[in-house]
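S.K.: A single structure is presented below for examination.
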Amino acid sequence: MTGRLLIVEDQLSLLASLKRGLEEEGFEVLTASSGSSGYSIIQREPVDAVLLDLMLPDGDGISLLQRVREEEFQKPVLVITAKDSIADRVIGLDSGADDYLIKPFDFSELLARLRAVMRRSMGTSQDAQLRYEDLVVDSLSRVASRGGQSLSLTQRQFELLEYLLQHKNMIVTREAIARDVWKAATATWTNVIEVQINQLRKKLGGPSNLPVLHTVRGKGYQLGDEP
């Protein structure tokens, strides 16, 4: 199992070590050394999981965790911290952490826990429908509808809509779409992505439907509330 990870950790030697180890395991790794930079990355870059330190230079990781959970960030978060009391663990888990690992830890244990929370997350997302307002996507039956009316989508349009819904209310760049949906280089697929976005927007629209797929000039696209 691989994916795209974000590590939020202010101890730079540990940050570099984790990045190197996870990349050797096949993960793509983004890094941040403060809560504010971590939040910024979560807002603009789709990630599959987050490794989060609780003791950051600009505040505690719990505040960041609570903030992104309130904003419907649903990807797994594995807390890595030196805070080892039962009370700290309870607070972390109650604030939205999927697991809690005490420093110092063995890399093999971190890797096992990370893969476990990612597997659980994938299982949940496969069982549940993806929704925004009256827009529903069923990943198992491969059916999409809006306002109870079935949408006639090509396979690529369905994959694109599914991806945008997985990152609802987040700006998704063309680079991310090319990489994660088209599995290709952006330079090759930019125009194709634009065409597919426009076609998908038309199919999601209608006389009584409010627009849900927005172009964010200079940044990318956002499905959900108007940015």
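S.K.: Yes or no: segment 184-204 includes at least one residue that is modelled with pLDDT under 90, over 20 Å from Tyr132 (Cα atoms) and not in a helix (DSSP H, G or I).
M.R.: yes
S.K.: Every residue in segment 40-82 that is assigned to a helix (DSSP H, G or I) and surrounded by 19 or more Cβ atoms within 10 Å (Cβ to Cβ), please.
M.R.: Ile42, Gly61, Ile62, Leu64, Leu65, Val68
S.K.: Of everything in segment 111-131, what is part of a helix (DSSP H, G or I), surrounded by 14 or more Cβ atoms within 10 Å (Cβ to Cβ) and at pLDDT 80 or above? Give them in sequence order.
M.R.: If the condition is that a residue be part of a helix (DSSP H, G or I), surrounded by 14 or more Cβ atoms within 10 Å (Cβ to Cβ) and at pLDDT 80 or above, then Leu111, Arg113, Leu114, Arg115, Ala116, Val117, Met118 are the ones that fit.
S.K.: Within the group Ala32, Ala16, which residue is without any contact (Cβ under 8 Å) to a residue 24 or more places away in the chain and farther than 18 Å from Tyr100 by Cβ?
M.R.: Answer to the selection: Ala16.
S.K.: I'd like the full set of residues that are of a type outside the set (D, E, K, R) and surrounded by 13 or more Cβ atoms within 10 Å (Cβ to Cβ), limited to segment 3-19.
M.R.: The answer is Gly3, Leu5, Leu6, Ile7, Val8, Gln11, Leu14, Leu15, Ala16, Ser17, Leu18.
S.K.: Hey, another quick one. Taking segment 20-29, which residues are touching a strand residue (DSSP E or B) at 6+ places or on another chain (Cβ under 7 Å) and surrounded by fewer than 18 Cβ atoms within 10 Å (Cβ to Cβ)?
M.R.: Residues satisfying the conditions are Glu23, Glu28.
S.K.: If you check Leu151 against the conditions, is it crowded, with 17+ Cβ neighbours inside 10 Å, in the same structural domain as Lys75 (by TED's automatic domain parsing) and of a type outside the set (Gly, Ala, Ser)?
M.R.: It is false that Leu151 is crowded, with 17+ Cβ neighbours inside 10 Å, in the same structural domain as Lys75 (by TED's automatic domain parsing) and of a type outside the set (Gly, Ala, Ser).
S.K.: Hey, any hits in segment 94-103 for a residue that's surrounded by 19 or more Cβ atoms within 10 Å (Cβ to Cβ) and either part of a helix (DSSP H, G or I) or touching a residue at least 40 places away in the same chain (Cβ under 8 Å) (or both)?
M.R.: yes
S.K.: Limited to segment 87-111, what total is found for residues that are closer than 16 Å to Arg4 by Cα and either touching a Pro at 6+ places or on another chain (Cβ under 7 Å) or among the small types (Gly, Ala, Ser) (or both)?
M.R.: 0
S.K.: Okay, moving on. Could you check segment 138-151 and list, in sequence order, the residues that are touching a Ser or Thr at 6+ places or on another chain (Cβ under 8 Å) and either modelled with pLDDT under 90 or not small (Gly, Ala, Ser) (or both)?
M.R.: Ser139, Val143, Gly147, Leu151, listed by residue number.
S.K.: Check whether at least one residue in segment 170-180 is farther than 20 Å from Ala49 by Cα, in contact (Cβ under 8 Å) with a residue 60 or more places away in the chain and not in a strand (DSSP E or B), and report yes or no.
M.R.: Within segment 170-180 (the criterion being farther than 20 Å from Ala49 by Cα, in contact (Cβ under 8 Å) with a residue 60 or more places away in the chain and not in a strand (DSSP E or B)), the answer is no, since none of the residues qualifies.
The values are calculated or read from the model by the stated rules, or taken from the named source; none is laboratory data. Only a predicted model underlies this, so the values are computations on that prediction, with no experimental measurement involved. Ideal geometry is used to build each Cβ from the backbone, glycine not excepted, and the neighbour counts take in all protein chains shown.
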